[in-house]
Amino acid sequence: MAEFSLSGAYTALVTPFTADGSQVDFVAFEKHLEAQIAGGINGLVPCGTTGEVPTLTDEEQRELIARTKKIAAGRALVLAGTGSNNTKKSIESARAAVDAGADAVMVVMPYYSKPTQEGLCQHIFAIAKAVNAPFVLYNVPGRSAVELSVDSALRVLDECPNVVGFKDATGNVLHCQELLARAKRPVAILSGDDALTVPMMSVGATGVISVTSNVYPKQVSELVAHALAGRVLEAGKRQVSLYAVHRAMFSEASPAPAKAALAIKQRMHASVRLPLVEASAECRARLSAVMAEYEAS
């Protein structure tokens, strides 16, 4: 396994749809990718939670990853979401992502099934050993109902050399610290929560996989660059200035608010696929007000 560096600002990409949600709007998607790269984003993450992956067909996933790789053209890393609560399907999705050009794959902890720690480990072992690619594990107990413990994460790192990092959306900065303190080999941790980016980076995380950067790529990438350079006070100042934006992005089920914000900026339709619904009028009004205040500051 070649050395793989995981740091900087990554965007958990939304998937633009046509107005009725029936088709992926690939024209809007490619324009969105170009805007992300122009904003200094280091990595692009298609087909994750923010990309509404449970509602995408296998063909749509492959095409989104392939187009992301084509547009990135070496200017940003492509980290494709491929996890599910079906180990066999996760292996197939990871292989398809690598075939489509992904530089690495991201595997969410299996949701709904609520496996034990042993089940989580065996799930990860099977996928990582079946696919020759760098892996990032996505720990998000708020959505998956299970959390990969630090002990289990250390076991994975011992067993799977191609696991290179974690997206940590536990909401617990202590989890990140303990893992970094106890790991026997280098491992990268990216914040999975926009509002905790600087706190996590202050104790060793190397960046963020951001929802807010869909709307403000330059601002998020600059914040992360300040934190990586040790300019913690400046990074913290920017973190606080974005706080209301982060909150607004999750005021209703994500990614509906992010898509609504992008629709306000006339970059894509606000449409999402069921069981999600578009952001409410109240959410859109809040977004408009928060964005206007932020952009005026």
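The values are calculated or read from the model by the stated rules, or taken from the named source; none is laboratory data. These figures come from a predicted structure and were not determined experimentally. No Cβ is skipped: glycine too gets one built from the backbone with ideal geometry, and neighbour counts run over all protein chains shown. SASA here: full protein model, heavy atoms, side chains in, ligands and nucleic acids out. Shrake-Rupley method; radii C 1.70, N 1.55, O 1.52, S 1.80 Å.
Among the residues of the stretch 160-179, the ones that are more than 17 Å from F135 (Cα to Cα) and either in contact with a His (Cβ under 9 Å, 6 or more places away or on another chain) or open to solvent by 10 Å² or more (accessible area, probe 1.4 Å) (or both) come to 8 in all. Of all residues in the stretch 50-69, which are surrounded by fewer than 23 Cβ atoms within 10 Å (Cβ to Cβ), of a type in the set (S, T, Y) and touching a residue at least 60 places away in the same chain (Cβ under 8 Å)? The answer is T55, and nothing else. Cβ contacts < 6 Å: first residue among the polar types (S, T, N, Q), restricted to the stretch 222-250; second residue part of a helix (DSSP H, G or I), any location; separation 6+ or different chain. Result? Sorted first by the residue in the stretch 222-250, then by its partner, the pairs are Q239/V198. For the stretch 145-159, the tally of residues that are surrounded by fewer than 18 Cβ atoms within 10 Å (Cβ to Cβ) and either in contact with a strand residue (DSSP E or B) (Cβ under 7 Å, 6 or more places away or on another chain) or assigned to a loop (DSSP other than H, G, I, E, B) (or both) stands at 2.
Screening the candidates L120, L33, L79 for the property of being crowded, with 17+ Cβ neighbours inside 10 Å and either touching a residue at least 60 places away in the same chain (Cβ under 8 Å) or basic (K, R) (or both) yields one hit, L79.
Residues in the stretch 178-202 that are in a loop (DSSP other than H, G, I, E, B), over 20 Å from Y10 (Cα atoms) and of a type in the set (G, A, S): A183 only. If you go through the stretch 251-293 and pick out every residue that is farther than 18 Å from P54 by Cα, in contact (Cβ under 8 Å) with a residue 60 or more places away in the chain and not charged (D, E, K, R), you end up with 4. No other residue among D151, D168 is within 22 Å of P54 (Cβ to Cβ) and at pLDDT 95 or above apart from D168. Quick check on A128: is it in contact with a strand residue (DSSP E or B) (Cβ under 7 Å, 6 or more places away or on another chain), assigned to a loop (DSSP other than H, G, I, E, B) and either open to solvent by less than 20 Å² (accessible area, probe 1.4 Å) or among the aliphatic types (A, V, I, L, M) (or both)? Here the answer is no, as A128 does not meet what is asked. Determine whether A72 is farther than 20 Å from A258 by Cα and open to solvent by less than 10 Å² (accessible area, probe 1.4 Å). The answer is yes for A72. Restricting attention to the stretch 131-144, the residues being buried (at least 19 other Cβ atoms within 10 Å of the Cβ) and either small (G, A, S) or closer than 20 Å to N172 by Cβ (or both) number 7. Out of S210, S202, S191, one residue alone is open to solvent by 10 Å² or more (accessible area, probe 1.4 Å), modelled with pLDDT of 95 or more and among the hydroxyl-bearing types (S, T, Y). It is S202. Taking the criterion of being assigned to a helix (DSSP H, G or I) and open to solvent by 90 Å² or more (accessible area, probe 1.4 Å), the residues of the stretch 258-297 that qualify are E282, R284, R286, E293, E295.
If we keep just the residues of the stretch 87-98 that are open to solvent by 10 Å² or more (accessible area, probe 1.4 Å) and touching a residue at least 24 places away in the same chain (Cβ under 8 Å), which is nearest to S144 (Cα to Cα)? Within the stretch 87-98, the match that is nearest to S144 (Cα to Cα) is T87. Based on this model, can you work out whether V136 counts as in contact with a Gly (Cβ under 7 Å, 6 or more places away or on another chain) and either farther than 24 Å from Y112 by Cα or modelled with pLDDT of 95 or more (or both)? Criteria met by V136. Report whether or not L223 is closer than 29 Å to T55 by Cβ and modelled with pLDDT of 95 or more. So L223 fails the test.
Total residues in the stretch 203-238 satisfying the condition of being in contact with a Lys or Arg (Cβ under 6 Å, 6 or more places away or on another chain) and assigned to a helix (DSSP H, G or I): the figure is 1. Filtering the stretch 239-257 to residues that are among the hydroxyl-bearing types (S, T, Y) and either closer than 19 Å to F29 by Cβ or assigned to a helix (DSSP H, G or I) (or both) leaves S241, Y243, S254. Against the condition at pLDDT 95 or above and among the small types (G, A, S), how does A2 come out, does it pass? So A2 fails the test.
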